[in-house]
Amino acid sequence: MTADPATAAAQVPRHLAIIMDGNGRWAQRRRRPRAIGHRAGARAVNLSIDFCLQRGIGALTLFAFSSENWGRPEEEVGALMKLFLNALEREVDELDRRGVRVRFIGERELFAEAIRERMALAEAQTSANTRLQLNIAASYGGRQDIAAAARALAVEVAAGRLRPEDIDEAAVGARVALADLPPPDLFIRTGGDQRVSNFLLWQLAYTELWFTETLWPDVDAGVLQQAPDDYAGRERRFGLTSAQIGAEASA
Ligand code: FPP
């Protein structure tokens with residue numbers, strides 16, 4: 001879906017994307033194992049879902065585990081897998097009750113079967129919900145997402161269903177993750193670093209970026225609200241001029 005300049009910043013973001021960074025440091029500052037930070041981070045996940053439900057934000061995409069995170073120490077990866085499985089076992093009924101549709105993006109075949117099964121169940125159970133679309137990026141990488149879209153296009157060309165000259169931005173955009181949603185209006189990264197870290201590279205092309213020093217487990221609604229407040233004061237131009245945006249908005 002293309003971004004519409006007229007629906008600019010004065011509105012609530014339709015789609016929020018978050019890099020939940022700082023769990024490890026949160027734990028280390030307390031001289032606790034990093035896994036404790038991830039557990040505290042899971043509480044902030046629930047808080048961010050509540051935040052979106054209360055503010056009428058229709059889609060939330062959370063970066064839970066990157067393609068690169070498999071390279072972390074075995075103990076930490078194991079603790080994260082346990083946490084994901086527990087969350088899938090415990091939270092899905094409540095998410096369903098609250099009208100949340102859950103979806104996973106990323107290379108799910110890399111997860112253990114128990115987790116894959118729970119992912120599929122969560123998606124099936126919540127598939128009719130429309131209040132909030134919750135996308136969990138797990139074993140996800142933006143480059144891998146674009147590469148998969150390129151591979152899908154190549155397969156269609158090889159099968160004679162598509163001509164190379166028909167490959168345009170819309171054709172690629174239709175084959176990356178979350179193609180059925182508007183791209184994120186607003187991106188939040190907690191934990192102080194200011195980078196995108198291979199998250200939704202295609203989808204973030206015109207997303208407004210917002211960073212906070214707050215570590216993810218310390219995030220509360222007050223911190224989160226700063227981002228849409230800041231977003232509301234921005235002018236989104238999508239490559240056009242300010243005058244053009246003004247004219248479109250008043251047309
Ligand atoms: C980044 O912090 C966070 C992660 C790699 C994991 C995110 C996982 C959660 C918030 C837990 C639960 C999630 C769900 C969806 C149930 P970091 O470890 O890189 O922190 P650091 O930069 O301080 O080391």
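Quick check: anything in segment 47-54 within 11 Å of the ligand (Cβ to nearest atom), among the β-branched types (Val, Ile, Thr) and in contact (Cβ under 8 Å) with a residue 24 or more places away in the chain? For segment 47-54, residues within 11 Å of the ligand (Cβ to nearest atom), among the β-branched types (Val, Ile, Thr) and in contact (Cβ under 8 Å) with a residue 24 or more places away in the chain: present.
Residue by residue through segment 200-231, note down the ones that are within 18 Å of Ile49 (Cβ to Cβ) and within 13 Å of the ligand (Cβ to nearest atom). If the condition is that a residue be within 18 Å of Ile49 (Cβ to Cβ) and within 13 Å of the ligand (Cβ to nearest atom), then Thr214, Trp216, Pro217, Asp218, Val219 are the ones that fit. Among the numbered criteria (1) near the ligand (Cβ under 9 Å from one of its atoms); (2) closer than 21 Å to Gln203 by Cβ, which one does Ser67 miss? Condition (1) is where Ser67 drops out. Would you mind stating whether Leu80 is more than 15 Å from the chain's Cα centre (by Cα) and surrounded by 14 or more Cβ atoms within 10 Å (Cβ to Cβ)? When the stated conditions are applied, Leu80 passes them.
Can you pull out the helices (runs of 4 or more DSSP H) entirely within segment 20-127 that have at least 3 residues that are under 22 Å from Leu224 (Cα atoms), in contact with a helix residue (DSSP H, G or I) (Cβ under 7 Å, 6 or more places away or on another chain) and modelled with pLDDT of 95 or more? I'd like the intermediate steps shown before the answer.
On the way: elements: 23-29, 34-55, 74-97, 113-125.
Output list reads 23-29, 34-55.
Residue count for segment 201-244, restricted to those that are at pLDDT 95 or above and among the polar types (S, T, N, Q): 6.
Filter segment 30-46 down to the residues that are in contact (Cβ under 8 Å) with a residue 60 or more places away in the chain and either of a type in the set (A, V, I, L, M, F, W, C) or more than 8 Å from the ligand (Cβ to nearest atom) (or both) and list them by number. Scanning segment 30-46 gives Ala40, Arg43, Ala44. Just one residue in the set Gly58, Gly78 is touching a strand residue (DSSP E or B) at 6+ places or on another chain (Cβ under 7 Å) and more than 11 Å from the ligand (Cβ to nearest atom); that residue is Gly58. Taken over segment 128-156, the criterion of being polar (S, T, N, Q), touching a helix residue (DSSP H, G or I) at 6+ places or on another chain (Cβ under 6 Å) and away from the ligand (no atom under 16 Å from the Cβ) is satisfied by Gln144 alone. Among the β-branched types (Val, Ile, Thr) and surrounded by fewer than 19 Cβ atoms within 10 Å (Cβ to Cβ) - does that describe any residue in segment 16-28? No, because not a single residue in segment 16-28 is among the β-branched types (Val, Ile, Thr) and surrounded by fewer than 19 Cβ atoms within 10 Å (Cβ to Cβ).
The values are calculated or read from the model by the stated rules, or taken from the named source; none is laboratory data. What you see is a predicted model; the values in this text were computed from it and never measured. Neighbour counts are summed over all protein chains in view; Cβ atoms, including those assigned to glycine, are modelled from backbone coordinates with ideal geometry.
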